[in-house]
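Before any comments, here is the structure.
The values are calculated or read from the model by the stated rules, or taken from the named source; none is laboratory data. Worth saying up front: this structure is predicted, and the values here are computed from it rather than measured. Cβ: placed from backbone, ideal geometry, glycine included. Neighbour counts: every protein chain shown.
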Amino acid sequence: MLEVGLRVVRGQDWKWGDQDGGEGHAGTVVEIGKPPVPGNSGSSSNSTDKTPDKTVIVQWDHGSRSNYRVGYQGAYDILVFDNAAAGVKHSSIICDGCKKHGIVGIRWKCAQCFDYDLCTQCYMSDIHDLSHTFQRFQTTNSTGVQLSTRDGCTKIPLKGIFIGAKVVRGPDWEWGVQDGGRGKTGRVMDIRGWDNESGRSVATVTWSTGSTNVYRLGYKGCVDLRYIEEATCGTYYKEHLPLLGQPVMTMSEGDQSTTPNGGGVGSSAPSPRHLTFNVGDKVKVLKEVEMLKEMQAGHGGWNPRMAEYIGKIGTVHRVTDKGDIRVQYEGCNNRWTFHPGALSKVITKDSFSLGDIVRVKTDAAVVKHCQRGHGEWIDVMRTALGKTGKVIKIYPDGDLLVALEGHTWTFNPLSVNLVPPSTDPANMMQGEANRRRDRSVGSTLSEGADIEVEKLLRDAARGEAGVAAVREFLRKYPGKVDARAGGPGGGKKTCLQVAAHQGQRELCNLLLDAGASLRAVDEDGDTPLHYAAFGNQPEIMELLLSRGAAIDAVNNGRCSALHVAVNKQHAACVRALLRHGCDVNLQDSYGDTALHDAIGKDALEIVDALCSCERTNFTLRNKRGFNVLHHAALKGNAHATERLVARARQLVDVKKEDGFAALHLATLNGHREVAAILLSQNGGRATIDLWNKRRQTPLHLATAQGHWALVELLINHNADLAATDEDGDTVLHLAISKCRHQPATVATPESSRDSPFIHAIWQDLARQGAKTEMALACFLVSVDTTELLLDQTRNSKGKTALDLLETDPDAPALTALLLSYQPHRRNSNDLVPSETVSSGGSVETPTYEIETISEPEVTNEESRKPPRSSGGSDQCRGCSALLTQGVEETRITAGGSETFVGCIHCGHTVPKSQINRDGHGFKDDMAEGEDRKREGLDDRRNEDKAKDKDIEKEKDLERLRYLETRVADLEEANMCSICMERRRNVAFLCGHGACEHCAAPLKTCHMCRKTITKKINLY
């Protein structure tokens, strides 16, 4: 099978050095060469912008990408080790190794034991007898390929992006700064499937910033990651893996229903355990009543009425979780559940095979109805009604790809009828062609015309095809204006398509004047208008539209020219299409509108144009249930969010089927700017405590993901701390539960800006040597004014947030730490985040400033004041201007008599000789006192500055000591505890380990003294 998403390793004909990273390194198929031209085997290569036939492009896990042979010139460079990402699942088969129901990927069946199957992981892990031979089933309907025994075969370690790998963003990354920014690293925590579409196609990654999300690893042929430290995933038997590109033999319906062994390898090959079924299959029971009765035990049970339906044809209604088959019989109100081994598939007149000749039904209404959800209907398909064509592909859902008069169409099987083999299709098609001589697409070109068309197109692609050369060609071959190299149905481009892509206006005019078809499509269903959009040719688009091109024509992927222009980010083309009134609300095969695509591509100018269009329907959802605002929140596109909120604020609180609104998606994915727009009073005014279907508020999601900035933003907007999810957990439950299983949190410069309070707490914890991962929980405790969340609010299991620390060895210390942050224990002004600016002008990391309120200090000047009489010297000094109005009295002193003046307010007296003529006393004393006061203040400031410098220096030393301790701890954790020189890279089953040099002679563990039964190399 050839599908994008397949996980592969190097194969038997590999000659490309270490392009893959070395033997055993994994990669993903991301592009497949186009199939050979039907009816023209001599032309096997495609145009320069296509992947050549019988080759694939592989994205290797370490980051490189190249194309490889999968049958080209008879060589096979690639082996498939996992096809789960392509959606292969043996739904009704149970792995007898791991007991999982429904084997995902390749199925391995023991040829010597009855009813024994293994999944790939179990087979490669040496489960079951190694001397037994197995059969390999690549797909649900493939025949078994007989293999040799595993005993003695070479085992190669499998390396790449697996659990434990250290990764960075890869070639298909389109998730903004979810990873924390370019160059940030993460660890792969899990590899799993995406919904029910595929298996092992996405990776769960926890980034160094603390956020966790899933990323594509083969899903739909995309790879979002590359590793910088590989991980291993067991081993594989190279001789037992299938060659990528070799045909996979499938069981015909007749073999399945009549041949007991159906192995496809030889008559001696054992049969599979039982057939696999899909909804809609025609089946019947061919077992005797007594045998059927025995088989039904534990598989739906037995009802005597079931005997009435033995031998009758029914339709598979569904496959149960246990793998049993539920069958609907015509005229019966009941659906009967059967053991899958009791059923046989039935050949019906509606069965199709590759190469079958079919005729499209003539009733347009019937065909249009049948095409819903099966390739859909466009008006140009009316030309195909009643015509015959050839089945060139059968899709997994049963839809047919039919080559018909130079076009390829996807049809519902109910839209066509099988042409009996006795009818000569060649004569039939020739007759139709003769009846439509004016349509030269369906006629066969002469050999000379073939050669000239190919040369003409090649020159046109290089921009060397002059108008004169094309005019001469049309003179020699009148009516061949839409000719393609390789004849009808060859999948090649017409001259008009190439000229439109290259922007050759004069040539386009000539071809259009000669009658070139504006509706001619290539093998992907692209029209000349699509090609102009691909080539960023707005002027050519204007020309084609003025000549009557169908502006809303869609290709095989249901993409219009607008979709193409948006995805290529050709803004001028988008504006041209909008001016001509294109349908901006068309949805592609994924349900995405052009605005969905523009948001995903972060094309700001195009987003503005589409949002400004009055015809835009903002409520449309894609097949995953996302409207455009959901999509903007998911992608973190703040510009698009702002525009959408301005145009369609009613979307802000609209939920998806899972209950997620835009604010949920923004907080889950760490998009603070988007969340701020949604919450702002001038923007979205989103409901901050909106629940999803699991009763989670945005604050729950932000806390669970450890997004500090989002938590502070939501708290600042009065999010409800006491809200509980479906498990009864508050955000404090989540914060404490999360921090216990996380490595030490590392603050970033962004966190000091976007979450200053949590960052300040983190700094405080770092200085104390406490667990910095508790910063978020401490913050939530500090803002809980009720003080009930920590030790009084219980979840559905009866646990308080503090109870979650019970099993932690540091529980008493952590409990005391959390309690210390309760509001009544800590002044709200105790911890204030501040920023200091270095001499270079850059903002340094914020630190805590401890602010305390103390009694006013008494200055040196005040301490030297004389005792007050009835008032105080300050009062006298303050009213000295009135001393001239005081009462004079003469006193006898040792030196004679002296006149004193008393203050009329306070009664304080001073010698009259010390009063100046203006009446202001103590002038000289006051001036001297003020000087002394200024000197004291200057000294105090200098002392304070010196103390501040000492404090900062001590803080820096504390930080340095903390970092040195952390580095030492990390080094010690990874060093061999025997030699303390080399890295520990060998582990024992007891859980301890050593370096490979020290581990080699050991027979008992040097730590616990247990006997070493196995030594495991760590990579």
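For the reader, a short list of remarks on this structure follows.
- For region 150-165, the condition of being of a type in the set (D, E, K, R), touching a Gly at 6+ places or on another chain (Cβ under 7 Å) and not in a strand (DSSP E or B) holds for none of the residues.
- Only one of Ser125, Ser142, Ser198, Ser208 that is of a type in the set (Ser, Thr, Tyr) and out of contact with any strand residue (DSSP E or B) (no Cβ under 7 Å at 6 or more places or on another chain): Ser198
- Considered as a group, the residues in region 201-248 that are in contact with a helix residue (DSSP H, G or I) (Cβ under 7 Å, 6 or more places away or on another chain) and under 21 Å from Ile106 (Cα atoms) include one that is surrounded by the most Cβ atoms within 10 Å (Cβ to Cβ), and that residue is Gly218.
- On inspection, Thr1004 passes the criterion of being among the hydroxyl-bearing types (Ser, Thr, Tyr), at pLDDT 75 or above and not assigned by TED's automatic domain parsing to the domain that holds Lys771.
- Residue within region 467-484 that is within 41 Å of the chain's Cα centre (by Cα) and either at pLDDT 85 or above or part of a loop (DSSP other than H, G, I, E, B) (or both) present: yes
- Yes/no for Ala646 being under 24 Å from Lys601 (Cα atoms), surrounded by 17 or more Cβ atoms within 10 Å (Cβ to Cβ) and not aromatic (Phe, Trp, Tyr): no
- Against the numbered list (1) surrounded by 12 or more Cβ atoms within 10 Å (Cβ to Cβ); (2) modelled with pLDDT of 85 or more, Leu831 comes up short only at (2).
- From Val645, Val674, residue being touching a Gly at 6+ places or on another chain (Cβ under 7 Å) and either part of a loop (DSSP other than H, G, I, E, B) or under 29 Å from Asp727 (Cβ atoms) (or both): Val674
- Inspection of region 685-695 finds a residue satisfying the criterion of being under 24 Å from the mean Cα position of the chain (by Cα), farther than 22 Å from Leu814 by Cβ and of a type in the set (Phe, Trp, Tyr).
- Selection over region 677-716 of residues that are hydrophobic (A, V, I, L, M, F, W, C), without any contact (Cβ under 8 Å) to a residue 60 or more places away in the chain and assigned to a helix (DSSP H, G or I) gives a count of 11.
- Just so you know, in region 298-315 the residues that are small (Gly, Ala, Ser) and in contact with a His (Cβ under 9 Å, 6 or more places away or on another chain) include one that is surrounded by the most Cβ atoms within 10 Å (Cβ to Cβ), and it is Gly300.
- Residue check, Leu678 outside the structural domain of Leu765 (by TED's automatic domain parsing) and closer than 18 Å to Ala638 by Cβ: yes
- Any hit, region 507-517, residues being at pLDDT 85 or above and within 21 Å of Leu385 (Cα to Cα): yes
- When Arg643 is tested against (1) at pLDDT 90 or above; (2) among the charged types (D, E, K, R); (3) within 23 Å of the chain's Cα centre (by Cα), exactly one condition is not met: (3).
- Scan of region 552-570 for residues that are without any contact (Cβ under 8 Å) to a residue 60 or more places away in the chain and surrounded by fewer than 19 Cβ atoms within 10 Å (Cβ to Cβ), ordered by number: Asp552, Gly557, Lys568, Gln569
- Number of the condition not met by Lys284 [criteria: (1) in contact (Cβ under 8 Å) with a residue 60 or more places away in the chain; (2) under 18 Å from Gly102 (Cα atoms); (3) surrounded by 14 or more Cβ atoms within 10 Å (Cβ to Cβ)]: (2)
- Residue satisfying all of: in region 117-136; in contact with a Gly (Cβ under 9 Å, 6 or more places away or on another chain) and not hydrophobic (A, V, I, L, M, F, W, C); farthest from Tyr236 (Cα to Cα) among these: Asp117
- Just one of the listed residues (Lys99, Lys109) is modelled with pLDDT under 90 and of a type in the set (D, E, K, R), and it is Lys99.
- Residues within region 366-380 that are in contact (Cβ under 8 Å) with a residue 12 or more places away in the chain, closer than 19 Å to Gly398 by Cβ and part of a helix (DSSP H, G or I), tallied: 3
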